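Structure first, then comments.
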Amino acid sequence: MTSALERAKFEYALRLADSNLILAQRLTAWCGHGPALEEDMATANVGLDLLGQARLWYGYAVELEGRGRTEDDLAYLRDAPAWRNLLIVEQPNGNYGDTIARQFLYDTWHQLLVAGLARSRDVRMAEIAVKSEKEVAYHVRRSADMMIRLGDGTDQSRTIMQAALARLWPFTGEMFAEDEVDLLLIESGVIPAAGTLADSWRHDVEQVLERATLAVPRSGWMQSGGKSGRHTEHLGHLLTEMQFLQRAYPGAQW
Amino acid sequence: MNEWPLWEVFIRSQHGLAHKHVGSLHASDATMALNNARDVYTRRNEGVSIWVIPSVQIVASDPADKAELFEPANNKIYRHPTFFPIPDEVKHL
């Protein structure tokens, strides 16, 4: 890795890989515990899609880095401060409404992002984005549909969804916060500008929440830090489980 | 959770073939049934088209009527087109 631009691309690919992998780990934890068999399968499917996408981003990241690290090294041998995922994806699954709300907020962002990345000046990023687009389109179709069902459901389900939104809302600002990595890549036409993304995201989210008869939470203090490795306490616990095998039996394979 | 209604799922595996019954699932309405069918029954590239039908809409024959419904056809082998010599050139019969 030589130029500042390449370093920024590495950092950015790592962020997307980490966000997708951590969310995949969260979602697949529902396997066998979903509220209905059908939901169970659907949630695990989305998790596996995201895992596949994470692998594509890790593959590109280690290539950009060029130091011989593998995707497994990145996934299993980094401690929490080295992770670059958004804070929202490491938030606990909570009840099923919490999981759906987290998924909906993430999917809506993810869809807009991959649509923008599909026009990236970086050919590899554009290819990965194009490959992800159809999967992500289905993810948002599903999570938006569930938001509407649960929001516009019973009094109880509506209360649960409104509470879930309130809990997760402070983690949404980070999706659109720009640091020096983002700015350099936006300037170079590699990634879409966060401002445009934020407007479209807000528009899409509001439309669904209106149909779900849910109030848009008031935007106040927004959490940040995931992109620079300052995480909530939940990530460490997730990693101990996800990385257990490689930590306890270094180099184990099957 | 109250039990969601049951749906029957039919999948067309490729163009030119008929939809085939693959199983059932629970969903609260048609949209959800289609989404669930996609997630439960097409994970391994099984289909190009999905039908879902509320199970209560299917009218089934009574197993007790089996004898009068199906046995009369059993002993009429002449209804099978097996009494004609088929030229070798004719395929797909």
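The values are calculated or read from the model by the stated rules, or taken from the named source; none is laboratory data. This structure is a prediction, so every number in the text was calculated from the model and none was measured. So basically every Cβ, Gly included, is an ideal-geometry build from the backbone, and we count neighbours across all protein chains shown.
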Query raised in the report: Out of the residues in region A:48-64 that are surrounded by fewer than 21 Cβ atoms within 10 Å (Cβ to Cβ) and not aliphatic (A, V, I, L, M), which is nearest to the other protein chains (Cβ to nearest Cβ)?
Result: A:ASP49
Query raised in the report: All but one of (1) crowded, with 17+ Cβ neighbours inside 10 Å; (2) farther than 23 Å from A:LEU23 by Cβ hold for A:ALA215; which doesn't?
Result: (1)
Report task. Collect the residues in region A:30-52 that are in contact (Cβ under 8 Å) with a residue 24 or more places away in the chain and within 22 Å of A:ARG149 (Cα to Cα), keeping them in residue-number order. Result -> A:TRP30, A:GLY34, A:PRO35, A:GLU39, A:ALA42, A:THR43, A:VAL46, A:GLY47
Query raised in the report: Does region A:104-122 contain any residue that is farther than 21 Å from A:LEU14 by Cα, touching a helix residue (DSSP H, G or I) at 6+ places or on another chain (Cβ under 6 Å) and buried (at least 23 other Cβ atoms within 10 Å of the Cβ)?
Result: yes
Requested in this report: Give the residue that is farthest from A:GLU178 (Cα to Cα), with candidates limited to residues of region A:65-88 that are surrounded by 14 or more Cβ atoms within 10 Å (Cβ to Cβ) and hydrophobic (A, V, I, L, M, F, W, C).
Outcome: A:LEU77
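Can you say whether B:PHE10 is assigned to a loop (DSSP other than H, G, I, E, B), away from chain A (no Cβ under 14 Å) and of a type in the set (Phe, Trp, Tyr), as far as the supplied structure shows?
On the way: assigned to a loop (DSSP other than H, G, I, E, B): no; away from chain A (no Cβ under 14 Å): yes; of a type in the set (Phe, Trp, Tyr): yes.
The answer is no for B:PHE10.
Would you mind finding the one in B:GLU46, B:GLU89, B:GLU71 that is under 24 Å from A:ARG141 (Cα atoms) and either at pLDDT 80 or above or loosely packed, with under 13 Cβ neighbours inside 10 Å (or both)? Give the derivation first.
Numbers: B:GLU89 fails: under 24 Å from A:ARG141 (Cα atoms); B:GLU71 fails: under 24 Å from A:ARG141 (Cα atoms).
Matching residue, one of B:GLU46, B:GLU89, B:GLU71: B:GLU46.
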Requested in this report: Looking at (1) within 14 Å of chain B (Cβ to nearest Cβ); (2) of a type in the set (Gly, Ala, Ser); (3) under 24 Å from A:LEU14 (Cβ atoms), find the lone condition where A:SER143 falls short.
Outcome: (3)
Query raised in the report: From the list A:ALA29, A:ALA24, A:ALA17, A:ALA8, which residue is at pLDDT 95 or above and over 20 Å from A:MET242 (Cβ atoms)?
Result: A:ALA8
Query - Tally, over region A:116-135, of residues that are in contact (Cβ under 8 Å) with a residue 60 or more places away in the chain, part of a helix (DSSP H, G or I) and away from chain B (no Cβ under 14 Å) - result: 7
Requested in this report: Tell me, yes or no, whether region A:189-201 has at least one residue that is β-branched (Val, Ile, Thr) and under 30 Å from A:LEU77 (Cβ atoms).
Outcome: yes
Report task. Hey, could you check region A:150-159 for residues that are surrounded by fewer than 21 Cβ atoms within 10 Å (Cβ to Cβ) and in contact (Cβ under 8 Å) with a residue 60 or more places away in the chain and say which is nearest to the other protein chains (Cβ to nearest Cβ)? Result -> A:SER157
